[in-house]
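The values are calculated or read from the model by the stated rules, or taken from the named source; none is laboratory data. All figures in this text were calculated on a predicted structure; none of them were measured in a lab. With ideal geometry, Cβ positions are generated from the backbone for all residues, glycine too; neighbour counts draw on all protein chains shown. Calculation scope for accessible area: heavy atoms of the full protein, side chains included, ligands and nucleic acids excluded. Shrake-Rupley method; radii C 1.70, N 1.55, O 1.52, S 1.80 Å.
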Amino acid sequence: MTIDLDHERASRLGPDQRPKLELSFEFFPPKTDAMEARFWDSLNRLAPLNPRFVSVTYGAGGSTRERTLRMVRQIKSDSGVDAAAHLTCVGASRDEVDAVVRGYQVAGINRIVALRGDPPEGIGQPFQPHPDGYRNAADLVGGIRRIGDFDISVAAYPERHPQSPSWEADIDNLKRKLDAGANRAITQMFFDNRDYLRFVERARRAGITAPIVPGIQPIDNFAQISRFAQRCGARMPDWIAERFEGLENDPDTHALVASAVAAEQVLELVDEGVTELHFFTQNRSNLVLALARLLGRRPERGEGGAAS
Ligand code: FAD
């Protein structure tokens with residue numbers, strides 16, 4: 001075995017040589033006052049890291065339409081950080097979806113994460129478009145483009161979308177979304193970087209040149225995240241499960257293992273040349289703050305977004 005000790009690792013370069021990273025943070029709209037307090041606390045701690053944008057998800061079937069709009073407006077006005085609103089086609093006509101897009105436009109929100117969404121019966125059930133609705137995400141991207149000059153992100157799946165019949169169909173679908181006018185793809189969570197790197201290679205081979213930003217899900221609660229991953233078709237490798245085994249009642253060790261696992265993942269991606277990362281925060285800031293620090297990112301402005 002030979003060990004290349006001289007190999008330069010991008011994550012270990014000094015501040016002047018390190019490539020500039022673009023970070024974005026995903027939140028979900030809070031349901032209760034207590035959850036809303038946590039949302040703002042986390043947002044105010046992450047905003048000084050100067051993310052490219054903070055995005056807010058759209059609940060199944062448009063159930064959070066008003067809350068998503070309220071949160072993105074308030075993020076933009078109170079923190080000065082650019083906000084992106086997620087939007088799905090589920091259970092709504094084109095006119096209804098277009099009205100939501102125009103509402104964002106009037107509110108000065110010019111970034112949208114455009115998704116098909118999942119049926120109300122749950123992830124994995126066949127998707128039936130609304131009779132007068134957008135049929136899928138590519139169709140939605142086209143609709144948004146007709147309304148205005150939005151920055152549009154779409155979803156990509158390093159392990160293939162669970163409903164995709166083949167790799168070819170999956171990559172073709174991503175290409176259709178980008179050709180319809182999306183600016184970048186953000187991936188579903190994945191825990192083995194090789195899945196992401198292979199996916200990017202497939203996409204490039206198919207002529208896709210747009211950024212494919214890895215979606216990073218820190219495992220702050222192993223039981224919860226592994227259930228969620230399974231529903232989304234993301235594989236939890238055995239070696240990660242083994243690291244968390246038996247820590248159900250040991251939150252301190254669990255938190256340390258979670259940060260080590262996530263650190264390993266993001267540092268390896270940066271060493272592989274990744275310069276854009278999207279974090280699924282679950283409305284929590286601690287782990288993401290620590291990861292940003294490991295990536296050499298320091299607060300650039302004071303709390304609430306004011307330049308410091
Ligand atoms: P699409 O790209 O439209 O396609 C999904 C599947 O349908 C693919 O398998 C594709 O092959 C197939 N397909 C699409 N069009 C065709 C066609 N014409 N012919 C044949 N097959 C086709 N969900 C929410 O409800 N709210 C959110 O806020 C949200 N945010 C997300 C953020 C990210 C970063 C990601 C990765 C996912 C998010 N999701 C969200 C989940 C997403 O809605 C689901 O994964 C959904 O099942 C697929 O959405 P999509 O936009 O990828 O769909």
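Of note:
- Looking only at the stretch 122-145, and only at residues there that are β-branched (Val, Ile, Thr) and within 12 Å of the ligand (Cβ to nearest atom), the one that is most open to solvent (accessible area, probe 1.4 Å): 123
- Test: residue in the stretch 52-66 that is open to solvent by less than 20 Å² (accessible area, probe 1.4 Å), farther than 19 Å from residue 140 by Cβ and of a type in the set (A, V, I, L, M): yes
- Unmet requirement for residue 49, which otherwise passes all of (1) under 22 Å from residue 273 (Cα atoms); (2) surrounded by fewer than 17 Cβ atoms within 10 Å (Cβ to Cβ): (2)
- Whichever residue in the stretch 269-287 is closer than 14 Å to residue 19 by Cα and of a type outside the set (Gly, Ala, Ser) and, among such residues, is most open to solvent (accessible area, probe 1.4 Å): 272
- Test: residue in the stretch 93-105 that is under 30 Å from residue 300 (Cα atoms), out of contact with any Cys (no Cβ under 6 Å at 6 or more places or on another chain) and open to solvent by 20 Å² or more (accessible area, probe 1.4 Å): yes
- Of residues in the stretch 146-185 being polar (S, T, N, Q) and within 11 Å of the ligand (Cβ to nearest atom), the one nearest to the chain's Cα centre (by Cα): 153
- Among the residues making up the stretch 158-179, those that are over 16 Å from residue 88 (Cβ atoms) and not in a helix (DSSP H, G or I) are 158, 159, 160, 162, 164, 165, 166.
- Exactly one residue out of 83, 60, 99 is on the phi < 0 side of the Ramachandran plot, among the hydrophobic types (A, V, I, L, M, F, W, C) and in contact with a Pro (Cβ under 7 Å, 6 or more places away or on another chain), and it is 60.
Per-residue answers, yes or no, for (1) under 26 Å from residue 228 (Cβ atoms); (2) touching a helix residue (DSSP H, G or I) at 6+ places or on another chain (Cβ under 7 Å):
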position: 128; (1), (2): yes, no
position: 148; (1), (2): no, yes
position: 151; (1), (2): no, no
position: 169; (1), (2): yes, no
position: 186; (1), (2): yes, no
position: 189; (1), (2): yes, yes
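- Filtered by the rule that a residue be out of contact with any helix residue (DSSP H, G or I) (no Cβ under 8 Å at 6 or more places or on another chain) and not β-branched (Val, Ile, Thr), the stretch 194-214 gives 194, 195, 197, 198, 199, 201, 204, 205, 211.
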